[in-house]
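Just below is one structure, and these are the notes that go with it.
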Amino acid sequence: MNIFNQFKKFFRKNQFPILIFFGLSLLISIMFPTGFSIRYSYQLDDIAREPIIAPFKFGILKTEQKLNSDLAEAKKSVSYSFKRNQDIVDNQLFELDTFFIYMNDIRIAYFQYSASQDSLFDNQYEPQVESFENNLIADSTAYYALYDEFLNRYPYQDYQINKNQLEQLIGINQEILDQPKNLDQLKTNIKQICLNRWAEGVLDIPLPDVISEEISIIQGGELIIGSARNYNDILRVEEKNKEEINSLYSNQTSIEWIVGYELVNEFIKPNIIFDRELTEKNQNEKIARVPLSQGVVLEDELIIDANNRVTESVLLKLKSLQSEYERKGYEKGTDKLREYLGAYFIVSILLFLLFSFIYIYRKHYFQDYKMLFLISIVVYGLILIAWMIMNYQANAYFIPIVIASMLLTVLLDASISMLVSIVLILLISLLIGNNLDFAIMQFFVVFVSIYSVRRLRKRRQIITTMFVLLSSALFVFFSIMLFKGIDFLDSNYSEIGFFALTSFLSPILSFGLVPLFESSFGITTDYSLIELLDYDHPLQKRLIEEAPGTHTHSIKVGTLAESSANAVGARALLCRVGSYYHDIGKLKKPEYYAENQQGENKHDSITPNMSAKILKQHVADGLDLADEYGLPSIVKDFIATHHGTKRMEYFYQKALNQSTDQNDIDESRFRYHGPKPKTKETAIVMIAEAIEAQANSVKNPSVEKFDAMIEKSIKDLLQDGQLDNCPLTLDDLRKIKGTIDGKDGLIPVLSGLYHSRPEYPSGKNDD
């Protein structure tokens, strides 16, 4: 009964995580293959686990290459359908006639205009000169109006000829004294060339686009079938036009040749029009009749015996069998239900391992619903991508598992990322058909990616990571080839190509997504923390200018905290940033803090109670400043917890000494409001802050004195219960203290910051 109550309490307390667990298990299991899909899922060169005998007769599916080839041949065998359009020919002939009518009319109008000019010149001194002027105006207006109308209807730029050439042809270019050209003859020649081409037939699509050997043309209600090579496209038309123009006008520099060639190309339009809809309909009908199978496997025929290697032909038979099962639905309803339940249980088991790890070792993530939701989104998103890739029959190595591992490493931590990646690889390996090679390669590259970005500090590390992952992908791929004894020349390099490309690009894609997840889930990554270390940050600039002693104190605390964090595997960068901002509340009244005082001590003139009130206020002031300057919540935790609920011992004792009745002293007035640290990082900063404050008062510092001081400070914090809510163990505290010959911990840093210095003859220290 007690156990039942414990479970009941657990479920009531963790309703949301449990809901996410069951929901995620259901969503993933729906996408999973079941039954025969799993049973017959082999890869090339795999070893068969059991004999496989055909349960029924089925056709052997063609390979993708063979099927595509057959489909292409079927498509090619369908004649392209066209229609001969006489209306286009009639319309173009009309336009050609109209074009030359315009040119003749312009020529006549121009000659009349020129004659009027001559008459006016000859009769300029005659009494009737006004009538000649009127005639000139009328003829000039008629000529230019007609010319403009012609140019508007037939822009000479569209005909690849210039205005001078056009005017020379018409005979209105005064700079050229040649005899007017015979427009009627030119029109006759152009028309004949056009008619020749139309009689041959001009297709409206390029000949290379016609993949069928024959084409069918509907002409006057009759169907004519012939070779596409017997007809012209635009390119062939231009070649033939040039040959005919050459035969008519031998001088290629003559105006008739130049203009004639351009005009004939312009007026010839395709008269055999492609019927795309009918062609595609006929092609689809022919493609639909192409058989998908080649050969047959009989019932009870042995496909492969146990412990034999899966060859290409065997693999094709297995895929055909799997496809036939899925197509016909041979399995019973009860079998399908059992298989779906099995898929759900398998998924649930793997997710249970993940959620259990988070609950036991990362409980703050388990209790933070946003973080748990983030992990679930990443897991489901990758499974969904894998499912889509497999459904579209794309290469499995396009599945970007590395992106998930790098994202979670940067956003959360390496341990979470490692376990999520393991679960993802196992799930996706099952999803794509028990592919052991895929799992091995992904395991290796994922672990390398997590190691590469676990402590990302500089942007150039991204470039380094890209090439490291590329090298890792190539290494593990060729290692598997060596293990299987596969000849490098016979290998499928498309897989390694896809895998290497995905691995190489994953860092760019991962870090491109980081800002999105940061803003959506309120996460502060190392990138953001590095920006807060900049002394150009407004709060850091204020500390340097208004409270330089506090700034120096914060820097020292940061150095101590970072070294301590490294000693116990905590987030060292976060500890340094938290240390830099933990005392920003002192900016409100910097002169009341010893590190900023120069001579006068403000507390000498006020009561211990008032001193305690002022000192406690710097925590609240710090939180207000943090909100004002938009500091992340993870940094604000250091401001709130760096003193916990500690007692201000100096002022408490001062109050006791000044009081006649010690019972009148309220101890709570001399304690900070808290809360106490809840994480390793906030606890480390509390310890570092206390140690740094005491280290300044150590006379003739030595390792022994620092050791004793650290031991006493940590003991006092433990006895006062300040470390009760944080996950630091006694072993962690020992590591935090450090040793003189070690690299991490408090003692090595204190020895460097506060080492004793020898007396030089001058009486001054040189360093």
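Below are the figures for this structure:
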read-out: Answer residue from the stretch 55-71, given it is charged (D, E, K, R) and more than 36 Å from the chain's Cα centre (by Cα) and is nearest to Glu299 (Cα to Cα) among those; value: Lys57
read-out: Glu339 being closer than 22 Å to Gly23 by Cβ, buried (at least 18 other Cβ atoms within 10 Å of the Cβ) and at pLDDT below 85; value: yes
read-out: Single condition Tyr652 does not satisfy, out of (1) surrounded by 15 or more Cβ atoms within 10 Å (Cβ to Cβ); (2) within 20 Å of Lys588 (Cβ to Cβ); value: (2)
read-out: Residue list for the stretch 259-284, restricted to those being over 19 Å from Asp97 (Cα atoms) and either aliphatic (A, V, I, L, M) or touching a residue at least 24 places away in the same chain (Cβ under 8 Å) (or both); value: Ile272, Ile273, Phe274, Asp275, Leu278, Thr279, Asn282, Gln283
read-out: Verdict on Ala109 being more than 30 Å from Glu299 (Cβ to Cβ), of a type in the set (Gly, Ala, Ser) and not assigned by TED's automatic domain parsing to the domain that holds Asn152; value: no
read-out: Residue in the stretch 598-619 that is closer than 30 Å to Ser415 by Cα, assigned by TED's automatic domain parsing to the domain that holds Val557 and assigned to a loop (DSSP other than H, G, I, E, B) present; value: no
read-out: Matching option when the condition is surrounded by 16 or more Cβ atoms within 10 Å (Cβ to Cβ), more than 28 Å from Phe267 (Cα to Cα) and more than 60 Å from the chain's Cα centre (by Cα), among Ser116, Ser131; value: Ser116
read-out: Given (1) surrounded by fewer than 17 Cβ atoms within 10 Å (Cβ to Cβ); (2) at pLDDT below 90; (3) basic (Lys, Arg), number of the condition Arg107 does not satisfy; value: (1)
read-out: Residues of the stretch 358-378 classified as free of Cβ contacts under 8 Å to residues at least 40 places away in the same chain, assigned to a helix (DSSP H, G or I) and of a type in the set (D, E, K, R), total; value: 1
read-out: Residue match in the stretch 119-132 (condition: modelled with pLDDT of 85 or more and either of a type in the set (Lys, Arg) or within 30 Å of Trp257 (Cβ to Cβ) (or both)); value: no
read-out: Ile193 being β-branched (Val, Ile, Thr) and at pLDDT 90 or above; value: yes
read-out: Options Leu456, Leu412; residue that is at pLDDT below 90, more than 22 Å from Phe357 (Cβ to Cβ) and either within 22 Å of the chain's Cα centre (by Cα) or β-branched (Val, Ile, Thr) (or both); value: Leu456
read-out: Among (1) under 16 Å from Lys588 (Cβ atoms); (2) in contact (Cβ under 8 Å) with a residue 24 or more places away in the chain; (3) of a type in the set (A, V, I, L, M, F, W, C), the one test that Met610 misses; value: (2)
read-out: Close pairs (9 angstrom Cβ cut-off, 6 or more residues apart or separate chains): in contact (Cβ under 8 Å) with a residue 12 or more places away in the chain in the stretch 380-395, part of a loop (DSSP other than H, G, I, E, B) and of a type in the set (Gly, Ala, Ser) anywhere; value: Met390/Gly433
read-out: Residues within the stretch 253-276 that are within 30 Å of Gln168 (Cβ to Cβ) and either part of a helix (DSSP H, G or I) or at pLDDT below 90 (or both), tallied; value: 15
read-out: Unique residue being free of Cβ contacts under 8 Å to residues at least 40 places away in the same chain, among the acidic types (Asp, Glu) and farther than 25 Å from Ala620 by Cα when the list is Glu600, Glu518; value: Glu600
read-out: Residue in the stretch 472-489 that is among the charged types (D, E, K, R), outside any helix (DSSP H, G or I) and either farther than 28 Å from Arg309 by Cβ or at pLDDT 70 or above (or both) present; value: no
read-out: Complete set of residues in the stretch 693-716 that are farther than 19 Å from Gly558 by Cα, in contact (Cβ under 8 Å) with a residue 40 or more places away in the chain and in a helix (DSSP H, G or I); value: Val703, Asp707
read-out: Pick from the stretch 492-522, criterion more than 20 Å from Ile399 (Cβ to Cβ) and hydroxyl-bearing (Ser, Thr, Tyr), ranking: modelled with the highest pLDDT; value: Ser520
read-out: Single condition Leu26 does not satisfy, out of (1) surrounded by fewer than 13 Cβ atoms within 10 Å (Cβ to Cβ); (2) touching a helix residue (DSSP H, G or I) at 6+ places or on another chain (Cβ under 9 Å); (3) at pLDDT below 85; (4) not basic (Lys, Arg); value: (3)
read-out: Lone unmet requirement of (1) modelled with pLDDT under 85; (2) within 30 Å of Ser79 (Cα to Cα) for Thr279; value: (1)
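Rundown of residues vs (1) in a loop (DSSP other than H, G, I, E, B); (2) within 18 Å of Ala683 (Cα to Cα); (3) in the same structural domain as Ser697 (by TED's automatic domain parsing), yes/no style:
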site: Ala567; (1), (2), (3): no, yes, yes
site: Leu574; (1), (2), (3): no, yes, yes
site: Glu595; (1), (2), (3): no, no, yes
site: Leu631; (1), (2), (3): yes, no, yes
site: Val635; (1), (2), (3): no, yes, yes
site: His643; (1), (2), (3): yes, yes, yes
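The values are calculated or read from the model by the stated rules, or taken from the named source; none is laboratory data. All values reported here derive from a predicted model rather than from experimental measurement. Note: ideal-geometry Cβ built from the backbone for every residue, glycine included; neighbour counts use all protein chains shown.
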